Every structure is written in C-alpha cells, then in structure tokens.
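What follows draws every value from the coordinates through simple rules; no lab data is involved. Please read these numbers as outputs of a predicted model, since none were measured by experiment. We place every Cβ from the backbone using ideal geometry, glycine too, and count neighbours over all the protein chains shown.
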Amino acid sequence: MMHLQLIFWIGLISSVCCVFGQADENRCLKANAKSCGECIQAGPNCGWCTNSTFLQEGMPTSARCDDLEALKKKGCHPNDIENPRGSKDIKKNKNVTNRSKGTAEKLQPEDITQIQPQQLVLQLRSGEPQTFTLKFKRAEDYPIDLYYLMDLSYSMKDDLENVKSLGTDLMNEMRRITSDFRIGFGSFVEKTVMPYISTTPAKLRNPCTNEQNCTSPFSYKNVLSLTDKGEVFNELVGKQRISGNLDSPEGGFDAIMQVAVCGSLIGWRNVTRLLVFSTDAGFHFAGDGKLGGIVLPNDGQCHLENDVYTMSHYYELKNLIPKSAVGTLSANSSNVIQLIIDAYNSLSSEVILENSKLPEGVTINYKSYCKNGVNGTGENGRKCSNISIGDEVQFEISITANKCPNKNSETIKIKPLGFTEEVEIILQFICECECQSEGIPGSPKCHDGNGTFECGACRCNEGRVGRHCECSTDEVNSEDMDAYCRKENSSEICSNNGECVCGQCVCRKRDNTNEIYSGKFCECDNFNCDRSNGLICGGNGVCKCRVCECNPNYTGSACDCSLDTTSCMAVNGQICNGRGVCECGACKCTDPKFQGPTCEMCQTCLGVCAEHKECVQCRAFNKGEKKDTCAQECSHFNITKVENRDKLPQPGQVDPLSHCKEKDVDDCWFYFTYSVNGNNEATVHVVETPECPTGPDIIPIVAGVVAGIVLIGLALLLIWKLLMIIHDRREFAKFEKEKMNAKWDTGENPIYKSAVTTVVNPKYEGK
C-alpha cells in the first residue's frame, strides 16, 4: 500500500491580494542643455547660470550648464546659479506602540503601530538620492487571525478526526501569545469536472467506495468565517465529512486563491493573518485545467456563493512564496498545534520589506540595522531575523530618480511582508527650475518677442533659433549668413572652430570639456597659452583668448615670474644680502664675485673668521698685526668677552652667526663668534682666555728614548740568536743526512794501504 506523506503548510498573507503572483568627463556640459530644466536633469552637481551677461561671445546657450564649482570659476555669482535640491518631508510620524500583554489598556488593531513613519513626501532631483530611516518594532499582544484550510479527500479521514477538537486547544495555546485571536475553517477537494472527479450521478452523491458515507465532491467551502469562539470551530468542523476524487493532485490552490481574495466573507482584519494549509497530496499546476476544458486562467476574483466555490513539492513551493513555512504532519495530524506555534514564531521573528512597483527610472536601496549589530545591504538589507516581541530594528532606505518620469508625482508603498501596516511615500520630481516660472513670454530680449526669456536665456518659439531667437529655421543654412562668420581677410568660417548659425558663430566643444573656444569668430580659446613646468600659465594664471592673465604677484608671458621676494631674503634680513636684485623670485647678484641663492657665497673672498681675526685679536688681547692701528681699523663691531666656550652664543639664540677658531701671534687658540643683526650691526663674542699649548716634559722623553734603545738592542740580539739556532739546526740535519747515505767497505780498513806493489812489464803484457 502506497505510503502517503502528510504535508503541513502555513503562510502569512497580507491583504486582499493573491499570495502568488561623471566620472572622468563633465556630464553637465556634455548634456548640451538648452534650458535650466534639462540642465538639472543632467546630474546632481549640475547648475545653470541665470546671469544674462554670463556667456562670452561665441559661447552656446548650453555653456550656462556646468558643474557648480566650474560656474563659480567662470565668474557666475553663487546667487545667480540655479541649483534646486531634493528634500524629504515626513507627514505622518506616529510613534511605534509600547505596551505589554495583559495591561488594562485595550487597543483596537488600527490603533497599534509597528512601523514608523507612516507617510512622507520626497522631492527627488535626478541622480540625487533621498534617504530616510524606517523603524519597525514587533508589538506585544498583536491580534492574530488564523484560517485553517484542510484537504477533505478520503486519505485525510483520520486527520479530520483530530482537527475536530482543534479549536479550543489551539485557542488556548495562541492566547499565550495574544489576547485577541480568531480562528476560521475551510475545506477543499478538487475541481468538479472530469477527469478530476467522476461525474456519474452515483459518484457525485457519494464518491467513496466500500460503503463509506462521503459528501459530494466540491472545490472549496468556507465552513467557518473567522471567530473568537473555539467551541463553534469544534462544532462546525465536527459536522464535516470526507469526500473523494479520482486523481492524486488536489485543487488546493483554487481554495487558497478564494481565501486570499474573499476578505469580507472570510472576515480578515488588518492584523497578522495566518493561513494554515493541510494536505497529503500534491497540487495542480497552471494549465492542468485544460484537461477538464478550463482554458481561461484564474481571474483572481472572489466566487463564493453561500460559502461554496461554483511532499517535497511543498518544500520547494515555500521558496516561491515569501513569508511561508512548511512542516510535516504526523500520520493523524496530532502535532498540528505545535506546528502552527512553531511556524508562527519562525515567520513572525523575521521582517522582510517589500515595495510596490517603482516608477520608471526610480531605484530603491535598503540597508538594515538588526539585532546584535548585524547589518545588511543589497537584498539582505531588506530583512532582519531573530526578532523577538518588543525588539526594534531600523532600515535605511534610499530612493533615487535617474530621470524625470511622465508624471510629476507618483506614490509608492513599503510594507513588511505579512503585516498590513505600510509606509506611503509620495514622490515629487524636480524637473524644472524655479526661475522658469518667472519667464517672460514674448520678451523683447528674444528678438522682438520670438521667445520666452527665462533663467537668463531665451527659449525660442517653434521655428526660431539663435541665442536671441533672431533667425528662423529657414535662414539657418543661408550662405549669405556665412559672411558674418568670417574674420576680415580670412576665408575660414568661425576660424574652423565652430559653425555659423544665423550669422553668428557657435563655437564647437572639445573632447576635454574644460577646454573652450570663444570669441566672435571662435578665434579665442583657454588652452593655447604659454606654458611653464608643463602647466598652462605656469598654474599661476588664467588663459584668456590665448593670453595669460596672471594672478597677483606673478608676471611674464607664462606667469612664471614671481614678484614675491621671500625666496630672495637672506638670513640677515636683507634682500640678496645687499649684493643683488630679486628678479622672478631669484637673486641676480650685481657683484660678480658673489654667488648663491642670496648672493652669500664668494669663492675668492676671505672667510668671516679669517677676515676679522686680526681685529678681534687686537680688540680682545691687544696684540697682533693691527695692534697699533686697532682703533682706526677695528671699530666696526661691538665686542663682548665671555668666560669659556660654553658661554658663546649658539645658532638660533641670536642673529645668524659664525663660530670661529683662530691662532694668535703666540700660537694660542682663541674662540669667537661673529654675527650681524637686522640693523646691520656686527657683534663679536670672544672667550677671554686663549688656549695656549704647554711646553714638552723632558723626563718622559729621555726615559722613552733610553728605553727604546735598550729594547731595540735586546730585540736585535734575540733575532741574531734565533737566526744562529736555525742555521745550526740546518747544518746538523745536513750532516745527519750525509752520514745516513755513506757506503763503507765492511772487509777492509778504508785507511789501510798494502805494502806490496805490483809492476807489469809492458812488453810482456798479455803473454
């Protein structure tokens, strides 16, 4: 016998709707805006200069539209820049409800607030996001409506017996969560046409076999609308009987549709809504009805008359239906209450925000700030999980309009899935400038009234062109007009840098939008001036009509000559040490023997110390070469004596100074400093006692010489002795070697000589 897995499905349904279902380039200039409205739609940082005298000759009307900072640099006063900004205005901002279950205060569902704010108006400018904070707090003792929708096909017979006593038990359990709980009941079987059921009269009366007393097949029945009386639930459910059908899948989705859309008949309130769907079989897909001759799709309308409608699959279905949960019933549905409680806690502890359809060109971004410091962005920014009763979470919502839609105002809504409360957001689009409402139609400034003068420029009537609407479209390409666009003695139209429109040059734009052609004949530009250090006008001026206009304190064709003399100031406070003139921020020495940044160096001059050595010697110690002429030659400085070198001035304490160490006529060292103050007064500080060298100590010298001679003699003797030892050892070794190599005749005495001498007569030799 085939084992049927019982599937339990629970979903949160909301309201009367079905549960299915620039970077590198200047974008402002590139927009080529002809009006202020077009300009502000080009980007959030684009502004329109309304000053009627802002444009230079040859510049098009679109040059009024530029980046805000660029407009200021071009001379447009901030008060003349049209730059409307977006805003937000909160209309309804009722605080979220703070109350506890069991308090004496009894609130109606419409008086309970879980979401804040409730309504706001956003003024949106293209490209500029508007951000607001949405607060959600899960209210305690919030009302709940639960509708139990059950499959009454024959295989669910034992489950029906357990559900008959569900009302009071479930009521008692749910009242632990809320004091305002209502319950309803509905049932379904299958579409009442072939081949889903048997249409023979006998089977229509009793579709069951084996003499089972079953009720006629039906698609959906609303047995009990939502009520707070659990005993009524038990009574009416107890009267229900099982039915039957032919195929395995059931028509549960038809029933769910009716439960969702027949709100008034079911009795749904604007509170938390729970739909419990209980079945042990699969479901029909869209298009299955064609087998029974049903070719039109479900129209999503309520069709109840007298409350009658004329398992892995469910786990996968859960992923398609937001805010839904799936659980497995026991064989007889005995665990249905626990499944409902668990599913409610699971679903209600998660908040997922959804928004209605957005107008074209409008985008929305979410960022969540959940419990325990958990934040989310993107799709995760829409939701927060693990929310308990009384917990508060926040969402940061940014809405951006990327263009102006057809309507000036649109309304969208944001709500948490499964909750009826929502935030109404009225979007108002900033597509025009305020100055456009002050326009003067038929203004004489627009060539005898051929346009509307608004925002500092003419908006020409149809068929008229030109900066002042001075031409008709028929005259634009006239060759006679080209003569007005040529310089004298030139054949070039607009200097080849523009086009002739109505006898006036309209200069072309360059790829680099910061580079601009201007002038009556587009003969001027702001990028062909002299350069210094690779910068136009050295970065110290503005290029106007190919000529540099230098900033204050700068001059020269490339503004590369500084008039500031700070860099020429010497340490003594004089410009170029009084030996030159400051030109373009650098010293030009008038005395050729002086060099350096401030003419302070002289390669052929005596140093400061050597230069003043003799005068210091005669003034401080009354000796030296200038002893006799000291009063006449050495009175140009003030002199101060100090006890020791530590008392001499140090660098940074007084005016710039030089430290000196010189020898006097007695070969003694004397120390002094020389400094010149801002008044060009010289001051000398000198140590009052020179450091003279002491005479030689004779005894150590003599002792050292004698000791040296003795030591040298001993060293020579030792060396001679060592050499003799080495020589003797070598000779002895040589003797030993010769003795070892000698060959002696062991039979005779080597020094013995025989007494016999034999003499041979040569005549008898050999005979």
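Couple of notes before you dig in:
- Note on region 440-506: Rg/Rh from C-alpha atoms, Kirkwood Rh, equals 1.06.
- About its Cα centre, the dipole of region 58-175 is roughly 780 debye, where the only charges are +1 on Lys and Arg Cβ and -1 on Asp and Glu Cβ.
- The separation of region 701-738 from region 390-459, counted between C-alpha centres, amounts to 115 Å.
- Order of Asp530, Asp80 under a 10 Å beta carbon neighbour criterion, fewest first: Asp530, Asp80
- In a DSSP loop and with at most 16 other Cβ atoms within 10 Å, the GluC sites (Glu not before Pro) in region 91-181 are Glu105.
- Toward the positive end of the charge dipole of region 563-647, with +1 on the Cβ of Lys and Arg and -1 on the Cβ of Asp and Glu, the farthest Cα among Cys589, Val608, Thr565 is that of Val608.
- What you get for region 119-186, charging only the Cβ of Lys and Arg (+1) and of Asp and Glu (-1), is a dipole of about 420 debye around the Cα centre.
- Low-density loop positions, trypsin sites (Lys or Arg not before Pro), region 396-480 - DSSP coil, at most 13 other Cβ in 10 Å: Lys403, Lys407
- Tail fraction, Cα-Cα pairs, region 467-542, threshold 21 Å, whole percent: 39 percent
- Computed over region 402-509: relative contact order in percent, which uses C-alpha pairs under 8 Å that are six or more apart: 13 percent
- For Tyr554, the residues whose modelled amide H falls within less than 5 Å of its own, excluding neighbours fewer than 5 places apart on the same chain, are Leu563.
- Relative contact order [Cα under 8 Å, 6+ residues apart], region 490-641, whole percent: 9 percent
- For region 548-652, applying the loop criterion from DSSP together with a ceiling of 10 other beta carbons within 10 Å to the GluC sites (Glu not before Pro) yields Glu643.
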